[in-house]
Amino acid sequence: MTTPAMDREEAMARVRTIWALSRELERSGHRDLQPRAAEIRSMAHYMLYDDDAGVEEDR
Amino acid sequence: MTPPNVFLPRLESLSRGELEELQGRKLRRQVERLYAQNPFYRKLWSDAGVSVEDIRTREDVRRLPFTRKQDFIADQRAHPPFGLRLGVPAAEVGEITETSGTSGQGKEIHGHTVQDMHLRGQMTAVGWAWAGLREQDIGIFHIPASNSASLYTMLRGIRAVGRLPYLVGHLGFQERLELMAAVGVNAMYATPSGLNGMAALCRELEIVPEKAFPELSFIMISGESWPVEWALRMQEFWQAKITEVYGSTQLNAAYGAACCEAGAVVDGQRGSNHLFEWTTLYEVIDPETGEQVQPGEPGELVITHLDKQASPIMRFRSGDRVTYYPHSRCRCGRQLDVVEAGTIGRVDDMLKVKGQNIWPSELESLIFTHDEVDEFQARAYIGDKGRDEMELRFAVKAGYAPERITADLVRELKEATNVTFRVHCVPADSLPHFTSPDKKARRWTDDRHAGLAKGTDR
């Protein structure tokens with residue numbers, strides 16, 4: 001098994017950033033970006049699920 | 001001690017108290033959201049005199065009225081295609097699932113938002129991870145793709161844990177075995193009857209699974225009950241662990257419970273499906289009284305989904321009969337309560353055959369629309385090739401010829417159930433005539449477990 005290039009906390013902070021940014025893109029009004037932004041946000045949502053069980057207010 | 005195949009490290013290590021507190025919090029959140037946004041539930045709860053303020057803890061779920069399949073169907077008919085229960089703008093629906101429609105009541109159509117779609121993958125991934133799928137593994141799906149089967153769920157679930165999912169359910173058994181041998185397989189999902197049929201074909205073709213599929217490490221089953229002896233024989237034959245999962249369309253078309261590392265049979269006894277209680281609140285009730293049953297008593301599973309956005313499920317009477325136990329029944333350490341493996345069935349008279357739902361009462365109406373039919377008996381059994389079969393024996397009234405009726409019944413039963421019945425006309429005096437009120441149950445028998453216990457292929 002390879003050694004991770006960043007620690008777990010840092011990695012999860014990045015996921016939170018991706019979740020927040022993709023949510024912004026989803027709401028940006030650019031219809032061509034919206035579907036895939038929603039996919040990215042949803043994938044990030046479930047990458048964070050273990051931390052907050054999907055309760056976004058805790059994010 | 002931490003179990004080896006953990007997928008959600010924090011959630012899987014929550015204490016019972018922490019889990020129940022989380023459920024209460026998510027329940028409140030879901031009820032608040034649905035009261036504000038979902039006209040179906042707002043009306044249902046308002047009519048029942050329940051307000052948002054009444055829901056404070058997980059126990060308060062019992063204040064909510066039950067929902068049933070017929071409620072959803074009626075809502076859909078009044079407001080097609082999804083009903084008011086959809087609760088999100090239709091433009092946010094990215095996938096649908098349908099129930100089979102064989103109940104005669106119609107098909108439920110469930111919408112899924114993009115987030116629901118990934119929720120499906122997430123919960124399905126838990127089952128594959130616990131069973132032992134690894135990063136480089138190939139997992140395959142033996143169910144034909146449709147809007148009922150959880151195709152996307154499976155692909156996402158396997159990809160969240162392993163490497164390569166591929167489909168084989170659209171192929172005949174021999175082609176499946178050939179593809180599996182060519183591409184490789186580490187794990188597979190199949191119904192018990194499908195697995196049994198493949199085992200029978202392997203024997204016929206002199207395929208030794210240990211040699212043909214040397215990397216196969218586990219087989220995940222669901223959808224039909226099974227005897228322990230059969231599961232042990234399958235483990236021996238395939239040289240792979242048998243594990244079980246439980247899921248349904250109403251569980252977001254995903255898994256809602258799964259066996260842990262221990263598999264479906266533990267020390268020669270039935271294992272345990274751990275309920276995914278972070279995402280769903282389960283109750284097990286006496287179907288007659290609606291009261292909670294005691295551990296070890298069979299009851300009807302009631303589902304309240306805590307994460308679903310579109311077509312949410314609140315206090316839904318699933319019709320599935322389970323035997324519930326506290327988490328301590330399993331030694332893995334997870335504090336998720338369990339339902340016994342291998343005994344999940346129906347509280348009504350539905351039969352599950354070849355993955356299809358067969359509702360005897362509906363078929364009885366269909367059969368007796370033929371005025372010429374005097375009486376019939378039907379049974380599910382294990383056929384020569386180790387697969388589930390259905391047989392219908394009927395008698396005609398005096399003066400009628402059976403040929404055309406036989407052909408019509410074969411076609412109509414196939415259309416209604418997607419299962420091919422073996423239909424035979426027999427002399428009237430070879431069938432009992434049912435006149436008592438329990439006639440429905442006596443016309444239909446399920447001989448499969450007796451066949452399995454005898455040690456036939458299944």
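The values are calculated or read from the model by the stated rules, or taken from the named source; none is laboratory data. On a predicted model such as this, the values are computed, not experimentally measured, just so you know. We place every Cβ from the backbone using ideal geometry, glycine too, and count neighbours over all the protein chains shown.
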Can you tell me which residues in region B:209-238 are part of a helix (DSSP H, G or I), of a type in the set (Gly, Ala, Ser) and within 27 Å of B:Met350 (Cβ to Cβ)? B:Ala231
For residues that are more than 7 Å from chain B (Cβ to nearest Cβ), under 10 Å from the mean Cα position of the chain (by Cα) and either more than 29 Å from B:Ser13 (Cα to Cα) or part of a helix (DSSP H, G or I) (or both), tally how many sit in region A:38-59. 4
Among residues of region B:32-61, those that are closer than 22 Å to B:Glu21 by Cβ and not in a loop (DSSP other than H, G, I, E, B), counted: 11
Check on B:Gly132, more than 14 Å from chain A (Cβ to nearest Cβ), surrounded by fewer than 23 Cβ atoms within 10 Å (Cβ to Cβ) and at pLDDT below 95: no
From B:Gly157, B:Gly194, residue being in a helix (DSSP H, G or I) and away from chain A (no Cβ under 14 Å): B:Gly194
Scan region B:246-266 and tell me whether some residue there is modelled with pLDDT of 95 or more and more than 24 Å from the chain's Cα centre (by Cα). no
Region A:7-23: number of residues that are in contact with a Lys or Arg (Cβ under 9 Å, 6 or more places away or on another chain) and either within 13 Å of another protein chain (Cβ to nearest Cβ) or not small (Gly, Ala, Ser) (or both): 6
For region B:105-123, state whether one or more residues are outside any helix (DSSP H, G or I), at positive phi and more than 14 Å from chain A (Cβ to nearest Cβ). yes
Number of positions in region B:14-45 that are more than 10 Å from chain A (Cβ to nearest Cβ) and under 19 Å from A:Ala53 (Cβ atoms): 14
Residue tally, condition touching a strand residue (DSSP E or B) at 6+ places or on another chain (Cβ under 9 Å) and more than 14 Å from every other protein chain (Cβ to nearest Cβ), over region B:266-289: 13
Of the residues that make up region B:350-370, is at least one surrounded by fewer than 18 Cβ atoms within 10 Å (Cβ to Cβ), charged (D, E, K, R) and touching a strand residue (DSSP E or B) at 6+ places or on another chain (Cβ under 7 Å)? no
Name the single residue, out of those in region B:62-89 being closer than 11 Å to B:Ser311 by Cα and among the hydrophobic types (A, V, I, L, M, F, W, C), that is surrounded by the fewest Cβ atoms within 10 Å (Cβ to Cβ). B:Leu84
Of the residues B:Asp75, B:Asp60, only one is away from chain A (no Cβ under 14 Å) and closer than 27 Å to B:Thr153 by Cβ; which? B:Asp75
List pairs: first in region B:402-418 and farther than 15 Å from B:Thr369 by Cβ, second surrounded by fewer than 16 Cβ atoms within 10 Å (Cβ to Cβ), Cβ under 6 Å, 6+ apart or cross-chain? B:Lys414/B:Thr420
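Could you say which residue among B:Ser51, B:Ser100 is hydroxyl-bearing (Ser, Thr, Tyr), farther than 18 Å from B:Gln250 by Cα and away from chain A (no Cβ under 14 Å)?
None of the other options fit; the residue is B:Ser51.
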Cβ-Cβ under 7 Å, sequence separation 6+ or interchain: first residue in region A:25-41 and closer than 23 Å to B:Gly121 by Cβ, partner among the β-branched types (Val, Ile, Thr). Which pairs? A:Ala38/B:Val114; A:Glu39/B:Val114; A:Ile40/A:Ile18
Checked against (1) over 23 Å from the mean Cα position of the chain (by Cα); (2) modelled with pLDDT under 85; (3) assigned to a strand (DSSP E or B), B:Phe376 satisfies every condition except (2)
Give region A:1-37 a look and list any residue that's assigned to a loop (DSSP other than H, G, I, E, B) and of a type outside the set (Ser, Thr, Tyr), or say none. A:Met1, A:Pro4, A:Ala5, A:Met6, A:Asp7, A:Arg27, A:Gly29, A:His30, A:Arg31, A:Asp32, A:Leu33
